[in-house]
Amino acid sequence: MAKKILVAGGAGYIGSHVQKQLLEEGFEVLVYDNLSSGDKVNLLKGADFIEGDILDKNTLDKAMAQNIDGVVHLAAKKAVGESMEKPEIYAENNISGAINILNSMIKNGVQHIVFSSSAAVYGMPEYTPIDENHPINPINYYGYTKYAIEQNMAWFAKLGKLNYAALRYFNAVGYAADKSITGRERNPQNLLPIIMEVATGKREKLSVFGNDYDTPDGTCIRDYVHVSDLAKAHTAAMRKLMTEKSSFALNLGTGKGTSVNEVIAATEKVIGKKLNYDYAPRRAGDPAMLTAKADKAFELLGWKPNYTNIEDIVRTVWNLEI
Ligand code: UD1
């Protein structure tokens, strides 16, 4: 019988791609989402949907009682700057909300959770590429909330209550190539969605945060990993949790670094025109370079990203506009 997965945050950007991948691999899917940043247009045919908040324990328990075999939890706030100004919002959503999910799982005998974590748990890199043995030292509250939940899951696993996979994403980008996911983020804070708003005329210009970093072109380097590749790691991780008792935390990235200038150049090539941008001061808390060593994902899950070329990635986003 098909296994049934509750996807908390399944109407959001990464969640909708996870929903798609689960459905394609024959899982049953129940999306649980409060639609605060997710969008109903991202609900795919074949998925069930409950509109609910992870802070609403009653509704959450009712959803979890529907013969759920595993949970993918991606319902969280993710604006790094905001997390430093309003940590209480992040404490509630990202920490209390996640604890509600874990507790509801235990209450309902649901044993497996794939958790959406972040490279932000590592803080300022002491070396790159970053492997999973790199010291954990988040420099923003957002990153701390992710690590706090990783630690809770580790305790619950140690106590025999569940097993978990913590997936530490580097920079998630792109859209499903078949254009089945169309919901764009509202008020985006991340580089590529902002670039797309400039490309489509919704925003006047892009400010590049710093061109005096110690990198070849002076702009920051990140590891941009396609969201469809990320989605595949979630299903692989869920299968692993269901067949083995183990728990694990691993990086998801391509291992390849791309600078902000390179993202701009790739975009200009894809869209066939110049982007309006200027150089602005550095943004607080931005490391010069952040790339992943994702060998563990390959060793444990056989996971390797299909997308490694930034132009191909940008094209999957631009395709939604044309
Ligand atoms: C951050 C987090 C990451 C989190 C993600 C989700 C860290 C180190 N990383 O990624 O874990 O999952 O947010 O929101 O905390 N940039 C510009 N102009 C802009 C926007 C961005 O130049 O208007 C640059 C940034 O300086 C950075 C790159 O683009 O070098 C990517 O930025 P962004 O998309 O915001 O992601 P991160 O900050 O890398």
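The values are calculated or read from the model by the stated rules, or taken from the named source; none is laboratory data. Everything quoted here is computed from the prediction, not taken from an experiment. As a convention, Cβ positions derive from the backbone with ideal geometry for all residues, glycine included, and neighbour counts pool all protein chains shown. Calculation scope for accessible area: heavy atoms of the full protein, side chains included, ligands and nucleic acids excluded. Shrake-Rupley method; radii C 1.70, N 1.55, O 1.52, S 1.80 Å.
Within the stretch 97-136, the residues that satisfy the criterion of being over 28 Å from LEU290 (Cβ atoms) and assigned to a loop (DSSP other than H, G, I, E, B) are ASN108, GLY109, VAL110, GLN111.
Could you say whether any residue in the stretch 7-18 is among the aliphatic types (A, V, I, L, M) and within 16 Å of the ligand (Cβ to nearest atom)? So far as the stretch 7-18 goes, yes, one or more of its residues are among the aliphatic types (A, V, I, L, M) and within 16 Å of the ligand (Cβ to nearest atom). In the condition set (1) touching a Gly at 6+ places or on another chain (Cβ under 8 Å); (2) open to solvent by less than 50 Å² (accessible area, probe 1.4 Å), MET196 is compliant with all but (1). Please tell me if SER228 is in the same structural domain as LEU74 (by TED's automatic domain parsing), away from the ligand (no atom under 16 Å from the Cβ), of a type in the set (Ser, Thr, Tyr) and crowded, with 21+ Cβ neighbours inside 10 Å. Yes: the conditions hold for SER228. Residues that are more than 14 Å from the chain's Cα centre (by Cα), part of a helix (DSSP H, G or I) and not polar (S, T, N, Q) within the stretch 1-35 comprise LYS20, LEU22, LEU23, GLU24, listed in sequence order.
Residues that are touching a Phe, Trp or Tyr at 6+ places or on another chain (Cβ under 7 Å) and open to solvent by 50 Å² or more (accessible area, probe 1.4 Å) within the stretch 199-209 comprise just one, LYS205. Among the residues of the stretch 210-217, are any within 12 Å of the ligand (Cβ to nearest atom), closer than 19 Å to THR267 by Cβ, open to solvent by less than 90 Å² (accessible area, probe 1.4 Å) and under 23 Å from the mean Cα position of the chain (by Cα)? No: the stretch 210-217 contains no residue that is within 12 Å of the ligand (Cβ to nearest atom), closer than 19 Å to THR267 by Cβ, open to solvent by less than 90 Å² (accessible area, probe 1.4 Å) and under 23 Å from the mean Cα position of the chain (by Cα). Scanning the stretch 231-245 for residues that are within 19 Å of ARG315 (Cβ to Cβ) and loosely packed, with under 13 Cβ neighbours inside 10 Å yields a total of 0.
Results for (1) under 25 Å from ALA233 (Cβ atoms); (2) in a loop (DSSP other than H, G, I, E, B); (3) open to solvent by less than 20 Å² (accessible area, probe 1.4 Å); (4) among the hydrophobic types (A, V, I, L, M, F, W, C), shown as yes or no for each residue.
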{"site": "SER37", "(1), (2), (3), (4)": "yes, yes, no, no"}
{"site": "ILE54", "(1), (2), (3), (4)": "yes, yes, yes, yes"}
{"site": "THR59", "(1), (2), (3), (4)": "no, no, no, no"}
{"site": "LYS62", "(1), (2), (3), (4)": "no, no, no, no"}
{"site": "ILE68", "(1), (2), (3), (4)": "yes, yes, yes, yes"}
{"site": "LYS77", "(1), (2), (3), (4)": "yes, yes, no, no"}
{"site": "SER83", "(1), (2), (3), (4)": "yes, no, yes, no"}
{"site": "TYR90", "(1), (2), (3), (4)": "yes, no, yes, no"}
{"site": "ILE95", "(1), (2), (3), (4)": "yes, no, no, yes"}
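When you go through (1) part of a helix (DSSP H, G or I); (2) more than 16 Å from GLY15 (Cβ to Cβ); (3) within 16 Å of the ligand (Cβ to nearest atom); (4) out of contact with any Pro (no Cβ under 7 Å at 6 or more places or on another chain) one by one for ARG239, which number turns out not to apply? Condition (3) is where ARG239 drops out. Filtering the stretch 159-172 to residues that are more than 8 Å from the ligand (Cβ to nearest atom) and either open to solvent by less than 20 Å² (accessible area, probe 1.4 Å) or in contact with a Pro (Cβ under 6 Å, 6 or more places away or on another chain) (or both) leaves LEU162, ASN163, ALA165, ALA166, LEU167, ARG168. The residues of the stretch 98-124 that are touching a helix residue (DSSP H, G or I) at 6+ places or on another chain (Cβ under 9 Å), at negative phi and within 11 Å of the ligand (Cβ to nearest atom), listed by number, are SER116, SER117, SER118, ALA119, ALA120, VAL121, TYR122. Put simply, of ILE68, ILE136 the only residue that is farther than 22 Å from ASN34 by Cα, β-branched (Val, Ile, Thr) and away from the ligand (no atom under 11 Å from the Cβ) is ILE136. Among the residues making up the stretch 182-193, a single one is over 26 Å from GLY255 (Cα atoms) and open to solvent by less than 30 Å² (accessible area, probe 1.4 Å): GLY183.
Among the residues of the stretch 219-273, those identified as touching a Lys or Arg at 6+ places or on another chain (Cβ under 6 Å) and within 30 Å of ALA157 (Cβ to Cβ) are LEU250, ASN251.
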